[in-house]
Amino acid sequence: MTSFNAQLCLVLHNHQPIGNFEHVFEQAYQDSYRPFLDVLEPFDSLSLTLHISGPLMLWLAGKHPDYLSRVKGLIQAGRVELLGGPMYEPILSMLPRRDRVGQITAYSEWIADNIGPNISGMWTPERVWEPQFASDLFQAGMEYTVLDDFHFIAAGLPESSLTGHFVTEDQGCLVRLFPGSEALRYLIPFAPVQTVFEYLRKEAERQPGRLFVFGDDGEKFGSWPDTKRRVYDEGWLRQFFELLVRNNDWLQTSTLGDAIQSRPSAGKIYLPDCSYREMMQWSLPVTQQVQMEEAWRTLGQSAGDWKHIKPLLRGGCWRNFRVKYPEVNEMYARMMNVSDRLAEAQGTIDDDDWCLARDHLYRAQCNCSYWHGSFGGIYLPHLRNAVYEQLILADNLLSHRRHHDASWVEASVRDYNFDGLSEVQLASDRQIVWLAPARGGQIYEWDIRWIPHNLLATMHRQPEAYHRRVLRGASDSSDIEAHAFDRVVFKQAGLDQLLRYDQRPRKSLLDHFFDDETSLDSISNGDAKERGNFADATYETKLRRAADRIQVQMTCSGQVSGMPLTITKAVTLRRDSDELQIVYLLEDLPEKRSHHFGIELNFAGLPSGADDRYFSDATGQRLGHLGTRLDLTQTRGIVLTDGWLGVDVQLSIDRPSGLWAFPIETVSQSEAGYERVHQSVCIIPHWLIKPDADGRWAVTMRLAARYHQSVDPLAPIGPADVFAQQ
């Protein structure tokens with residue numbers, strides 16, 4: 001037999017994100033991580049490269065230390081090379097340089113202390129690459145990483161030249177880059193084993209001595225839908241390893257480190273900002289994403305010179321997920337705020353507290369909730385909540401450094417979310433409120449320190465490219481040979497009926513004017529007509545300070561059905577208080593004309609369908625779980641209880657009110673299929689307002705997050721004229 005002397009680097013990336021459920025970790029261990037080692041261990045002539053992300057590594061160390069002992073034994077035998085990387089699997093491009101280097105260094109140190117080997121190579125999360133990363137990797141002690149062949153093709157290299165590893169450089173710092181094969185990502189383990197080897201043999205015959213690199217998720221060996229049956233029950237992985245042993249006269253397995261030692265570099269390359277092909281499509285705006293998917297499909301079927309056109313269709317930029325999803329930008333901006341404060345605090349805070357705050361920050365940088373594609377990502381509330389939990393914990397430590405155990409309140413104004421406009425932060429020892437005067441005077445983040453939880457970690461309903469498939473009602477195409485990205489599986493019936501889109505993110509203190517006959521159905525379906533221009537307007541802002549409280553006042557002069565009207569709203573935060581006082585004053589109202597006015601509030605992290613998550617009224621009477629639709633009249637408030645979080649969110653109103661309540665549910669995509677996800681609860685108190693003799697109308701509300709164990713009764717409160725004597 002002809003000797004082609006080809007090498008195959010199998011690189012597995014095992015990962016579970018911060019905030020994922022315990023049972024998901026355990027199921028992945030039982031279905032994927034443990035059985036893979038069971039199959040691998042007897043094949044003592046095979047070697048591979050393994051990456052275990054920091055969150056998963058810490059979980060394994062606590063729950064299954066025997067697994068890590070087995071990995072350590074394979075490392076000592078020279079059969080497994082362990083990769084490092086950033087500790088909690090962040091996308092490098094969303095971090096300041098200090099955190100990129102810090103995360104990579106932290107994980108290398110953990111591995112050295114707990115597993116043993118010194119780490120030379122790393123896994124780049126989601127293979128998101130930018131040219132300046134080379135010097136960051138070098139500074140953190142990394143010599144090489146694996147990306148996708150798509151990166152290299154986007155840089156102008158022909159596929160035929162991707163036969164080895166390459167050298168890149170930034171500021172004189174050199175690292176080596178391996179191109180992972182997209183073809184192998186789609187073949188392994190979805191195609192028959194013989195098909196995989198036919199591909200490898202054909203390519204090895206065409207280019208003797210070439211290097212193949214397979215770099216992809218280890219969960220596709222047992223955790224992805226239907227793969228456990230194929231990979232283990234039907235013996236795909238064992239057959240694959242047997243054929244590797246049988247064909248070792250022309251194809252040898254190798255670790256990435258050994259491949260560098262055994263072959264020279266294939267040349268020098270500078271790569272553009274890039275990721276794998278699918279990620280580049282997902283980062284595009286929906287319209288362009290659909291166009292690109294159609295172009296790939298159409299040209300791939302008809303264009304004779306498709307292989308020459310394909311490299312030119314690159315897609316978007318990963319950073320634009322922060323544009324595509326405003327909620328991603330909110331998390332990113334909050335993370336950057338904590339990172340900056342942590343850097344400023346270094347050397348001025350107890351070392352143990354500083355290191356603990358840094359660990360909370362690093363955990364909050366875990367990438368999975370900062371984007372969305374074929375996996376749940378930003379649409380998964382438990383992942384968003386986990387990010388904010390870690391950020392609030394870090395914030396608490398940094399705030400305690402300044403204030404210790406004293407009660408306090410303060411305010412600041414700056415461009416917190418990097419949109420070129422100023423936001424307002426009201427902070428105290430109990431809570432933090434973030435307001436955007438230029439976006440309807442909304443509250444866009446409400447952090448409760450003692451839970452810790454952001455009650456406005458919402459997700460609004462917006463179009464997605466895959467909603468076309470939902471509307472078509474495609475049948476289950478879960479053929480195992482289809483890649484997970486191409487699966488069409490509906491986890492619930494009737495998802496097409498749930499497709500509703502919001503005009504803006506679901507935040508709080510959004511001011512609406514409706515037709516008099518507007519109903520709960522039209523509001524929840526998004527069909528209600530907006531008669532005012534306040535929800536997206538810019539509010540003029542000023543701060544008022546006292547020793548024990550801070551107030552932000554926001555004023556906007558706009559129109560309702562062509563008639564002028566002025567709204568002033570004030571939010572007051574007191575130190576040592578769980579309550580916000582919110583006062584509205586409407587002026588210039590026409591004498592003989594009523595307006596249907598509503599104030600939109602949204603609350604996130606309060607799931608539906610559970611007995612310990614429910615609505616109740618002022619008397620404590622339960623009104624249903626948090627997915628219930630409510631149309632109340634003549635009410636003075638409502639309570640949303642989450643017994644698991646241990647919080648009652650209480651809304652009190654000083655005048656009788658109509659009140660609509662309904663769930664915000666998205667139809668989103670995950671690796672298991674299309675699913676219905678409860679995102680938040682929308683509460684809209686509303687009135688048919690009529691002015692007093694001076695053309696004015698006012699309402700005072702109290703909004704509080706209190707311990708569930710000590711629920712305060714909702715007593716009516718008197719009007720507060722906070723606008724007097726301005």
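Mind checking which residues of the stretch 304-323 are within 27 Å of TRP446 (Cα to Cα) and either among the small types (Gly, Ala, Ser) or open to solvent by 30 Å² or more (accessible area, probe 1.4 Å) (or both)?
Pass one, the stretch 304-323, residues within 27 Å of TRP446 (Cα to Cα): 319-323.
Selection gives ARG319, ASN320, ARG322, VAL323.
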Residue selected from the stretch 57-110 under the condition closer than 30 Å to ASP340 by Cα and in contact with a strand residue (DSSP E or B) (Cβ under 7 Å, 6 or more places away or on another chain), by the criterion most open to solvent (accessible area, probe 1.4 Å): SER108
Filtered residues of the stretch 547-598 (kept if open to solvent by 40 Å² or more (accessible area, probe 1.4 Å) and part of a loop (DSSP other than H, G, I, E, B)): ALA547, ASP548, SER561, GLY562, ARG575, ASP576, ASP588, GLU591, LYS592, ARG593
Residues located in the stretch 261-288, provided they are within 21 Å of ASP170 (Cα to Cα) and open to solvent by 20 Å² or more (accessible area, probe 1.4 Å): PRO264, SER265, ALA266, GLY267, LYS268, TYR270, PRO272, ASP273
Residue within the stretch 374-382 that is of a type in the set (S, T, N, Q), crowded, with 20+ Cβ neighbours inside 10 Å, in a loop (DSSP other than H, G, I, E, B) and on the phi < 0 side of the Ramachandran plot present: no
Residue within the stretch 141-160 that is open to solvent by 40 Å² or more (accessible area, probe 1.4 Å), β-branched (Val, Ile, Thr) and in contact (Cβ under 8 Å) with a residue 12 or more places away in the chain present: no
Selected residue [in a strand (DSSP E or B), open to solvent by 10 Å² or more (accessible area, probe 1.4 Å) and either in contact with a Leu (Cβ under 6 Å, 6 or more places away or on another chain) or free of Cβ contacts under 8 Å to residues at least 12 places away in the same chain (or both)] from ALA661, ALA698: ALA698
Residue in the stretch 19-56 that is surrounded by the fewest Cβ atoms within 10 Å (Cβ to Cβ), counting only those that are more than 26 Å from the chain's Cα centre (by Cα) and under 29 Å from GLN365 (Cα atoms): ARG34
Failed item, numbered, when ASP258 is tested on (1) more than 30 Å from PRO463 (Cα to Cα); (2) open to solvent by less than 70 Å² (accessible area, probe 1.4 Å); (3) touching a residue at least 24 places away in the same chain (Cβ under 8 Å): (2)
Neighbours by Cβ (under 6 Å, 6+ apart or cross-chain): first from the stretch 94-105, under 17 Å from CYS368 (Cα atoms); second among the charged types (D, E, K, R): ARG100/ASP136
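Conditions (1) hydrophobic (A, V, I, L, M, F, W, C); (2) under 30 Å from GLY316 (Cα atoms); (3) free of Cβ contacts under 8 Å to residues at least 24 places away in the same chain, marked per residue:
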residue: LEU356; (1), (2), (3): yes, no, no
residue: GLN365; (1), (2), (3): no, yes, no
residue: ASP405; (1), (2), (3): no, no, yes
residue: LEU426; (1), (2), (3): yes, no, no
Filtered residues of the stretch 89-106 (kept if more than 15 Å from VAL128 (Cβ to Cβ) and within 14 Å of the chain's Cα centre (by Cα)): none
Residue that is nearest to the chain's Cα centre (by Cα), among those in the stretch 121-178 that are among the hydrophobic types (A, V, I, L, M, F, W, C) and assigned to a helix (DSSP H, G or I): PHE133
Per-region count, the stretch 667-685, residues crowded, with 23+ Cβ neighbours inside 10 Å, within 17 Å of ASN385 (Cβ to Cβ) and of a type outside the set (Gly, Ala, Ser): 2
Residue in the stretch 289-303 that is open to solvent by less than 50 Å² (accessible area, probe 1.4 Å), at pLDDT 95 or above and farther than 29 Å from LYS202 by Cα present: no
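So which helices (runs of 4 or more DSSP H) are wholly in the stretch 206-284 and hold at least 2 residues that are farther than 29 Å from LYS310 by Cβ? It would help to see each step written out before you state the result.
Values: elements: 236-246, 256-262, 277-282.
Once the helices (runs of 4 or more DSSP H) in the stretch 206-284 are filtered for at least 2 residues that are farther than 29 Å from LYS310 by Cβ, what remains is 236-246, 256-262.
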Members of the stretch 269-301 that are among the aliphatic types (A, V, I, L, M) and either touching a strand residue (DSSP E or B) at 6+ places or on another chain (Cβ under 6 Å) or without any contact (Cβ under 8 Å) to a residue 60 or more places away in the chain (or both): ILE269, LEU271, LEU284, MET292, ALA295, LEU299
Residue, nearest to PRO685 (Cα to Cα), within the stretch 602-624, restricted to residues that are touching a Pro at 6+ places or on another chain (Cβ under 9 Å) and either free of Cβ contacts under 8 Å to residues at least 60 places away in the same chain or open to solvent by 10 Å² or more (accessible area, probe 1.4 Å) (or both): ALA618
Count of residues meeting criterion [under 22 Å from VAL699 (Cα atoms) and polar (S, T, N, Q)] in the stretch 503-518: 2
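The values are calculated or read from the model by the stated rules, or taken from the named source; none is laboratory data. Please read these numbers as outputs of a predicted model, since none were measured by experiment. Quick reminder, even Gly has a Cβ in these numbers, built from the backbone with ideal geometry, and neighbours come from all protein chains shown. Surface areas here come from the heavy atoms of the whole protein model, side chains and all, with no ligands, DNA or RNA. Shrake-Rupley method; radii C 1.70, N 1.55, O 1.52, S 1.80 Å.
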